[in-house]
Amino acid sequence: MEVTPQCVVALTWTLKDTLGETLDVLDEPVEFVVGGHDLLAKIEEALQGHEPGDKLDLHLEPEEAFGDYDDQLVFLEPRTRFPADLEEGMTFEGLPEGSNPEAPRDVLYTVTEIYPEHVVVDGNHPLAGIALRLHLKVEAVREATEEEIGRGTSGTGFFKVHPQGPGSTSLH
């Protein structure tokens with residue numbers, strides 16, 4: 001079966017920046033709904049018509065991936081609004097109650113710096129502003145279930161950041 005809209009594709013990949021530094025490696029296949037919300041548009045477009053075993057090399061500019069870096073999404077917040085065990089790299093969905101009212105509430109913020117009185121949080125995606133090189137391998141293709149089509153996802157979005165506990169996040 002080849003990749004078409006409304007199917008599920010299992011992928012492995014190596015993601016690098018334009019300098020060749022490896023940013024992420026996925027050795028075990030992960031499933032994504034094509035035609036849903038799981039993959040970036042340029043990746044979905046490139047996958048069309050491919051079959052298991054096919055390999056693709058893509059170059060994504062920031063606007064095709066995670067957008068340009070927005071310094072308006074960086075906030076300095078009082079240290080007292082955060083847990084005592086705070087560490088750089090921790091992520092929070094939205095900011096704590098009483099934080100800057102200008103800060104969007106539906107953003108995943110990453111703690112980038114901790115000072116005795118303040119914390120710097122960044123609402124940009126960790127890969128915002130970065131051009132990416134992606135080496136993909138199509139491991140499997142199958143029909144999407146009605147539930148997957150209805151949800152628009154197999155449960156894993158492309159490089160969505162998920163909190164994983166103190167100081168650790170996962171990009172997939």
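Taken together, the values in this text are just the output of simple stated rules run on the coordinates, not laboratory data. Please read these numbers as outputs of a predicted model, since none were measured by experiment. Note that we place each Cβ from the backbone using ideal geometry, even for glycine, and neighbour counts take in every protein chain shown.
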Whole-Hz couplings from phi, Karplus 6.51/-1.76/1.60, listed for segment 96-104; x for Gly and Pro
x, 3, x, 6, 3, x, 6, 6, x
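Within 10 Å of each residue's Cβ, count the other Cβ atoms and sort Glu31, Glu102 from fewest upward. Can you show the working numbers first?
Working: Glu31 19, Glu102 7.
Sorted ascending by nearby Cβ count, the order is Glu102, Glu31.
Taking each pair of different alpha-carbon atoms in the chain once, compute 1/r for the pair, average those values, and report the inverse of that mean as the Kirkwood hydrodynamic radius in Å to one decimal. Mind showing how you got there, number by number?
Details: mean 1/r = 0.0571 Å⁻¹.
Across the chain, the inverse of the average 1/r is 17.5 Å.
With an 8 Å Cα cut-off and a minimum separation of 6 or more residues, compute the relative contact order for the chain in percent. Please list the in-between numbers first.
Values: 373 pairs, mean separation 58.6, N = 172.
Relative contact order, the chain: 34 percent.
Exposure proxy check: Met1, Met90 ranked by fewest other beta carbons within 10 Å? If you can, show how the numbers build up before the last one.
Working: Met1 11, Met90 22.
Starting with the residue having the fewest Cβ neighbours, the order is Met1, Met90.
What net charge do the residues around Glu117 carry, taking every other residue with its C-beta under 15 Å from that of Glu117, with Lys and Arg at +1 and Asp and Glu at -1?
Numbers: positive: Arg79, Arg81; negative: Glu77, Glu113.
Its environment carries a net charge of 0.
How charged is the neighbourhood of Asp54? Take every other residue with its Cβ under 12 Å from the Cβ of Asp54, and add Lys/Arg as +1 and Asp/Glu as -1.
Numbers: positive: Lys55, Lys137; negative: Glu2, Glu51, Asp57, Glu139.
Charge balance in the 12 Å sphere: -2.
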Computed over segment 71-122, the convex hull of the Cα set has an average projected area, in nm², of 3.2 nm²
